[in-house]
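These notes are about the structure you will find just below.
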Amino acid sequence: MNWNIFWGLYTLAFAVRYNDISLPVVEYTANGRTYTVVGPKFSATVSKSFSSPFHRVKTDIPSNLTTREDLPDVLKLNLRQNSLASLTESPLLELYPIGSEVDVFYNPRKPKMAYVQRFAQPQKVLYTIILLLGLTFLASALFIFFGPTITMH
């Protein structure tokens with residue numbers, strides 16, 4: 001599949017929640033129409049969280065983010081926040097300030113299909129867990145409906 005690259009501008013910055021952080025919303029134009037895409041996304045996120053009423057209100061979020069060009073596949077976050085009230089600023093805000101230009105890749109046949117910076121496929125472990133949960137629920141439902149009849153004497 002042939003993907004085109006386009007320079008997009010943020011319109012709504014960090015409005016979409018993704019695990020424990022907010023992701024940028026990027027606006028781009030393709031074939032004379034304007035679209036939005038959320039990203040960059042990650043194949044997985046690992047979060048450690050510490051909450052205390054004595055921690056300052058602004059949440060600290062050390063992460064493994066370094067540069068736009070070197071985005072990790074798995075985002076690692078270490079959140080330290082106040083348990084009563086907190087103000088959280090996305091760690092992506094430093095890499096993607098509001099109004100900055102960013103690479104958007106889109107499918108010219110379906111311009112709505114797009115991603116920011118780079119494509120991140122969800123990890124296979126996630127697919128395996130979802131498949132196993134689905135099979136477990138299916139087996140439970142079949143057992144309940146077609147299993148042995150329980151009678152009380």
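Where a number appears in this text, it was derived from the coordinates with a stated rule and is not lab data. Please read these numbers as outputs of a predicted model, since none were measured by experiment. Don't worry about glycine lacking a Cβ; one is built from the backbone with ideal geometry, like all the others, and counts go over all protein chains shown.
For this structure, a couple of remarks:
- Aspartates and glutamates whose Cα lies under 13 Å from that of residue 112, excluding same-chain neighbours fewer than 8 positions away: 27
- Theoretical FRET efficiency, 1/(1+(r/R0)^6), r = Cβ-Cβ of residue 55 and residue 118, R0 35 Å, to 0.05: 0.55
- Using C-alpha pairs below 8 Å separated by at least 6 residues, the relative contact order for segment 33-142 is 30 percent.
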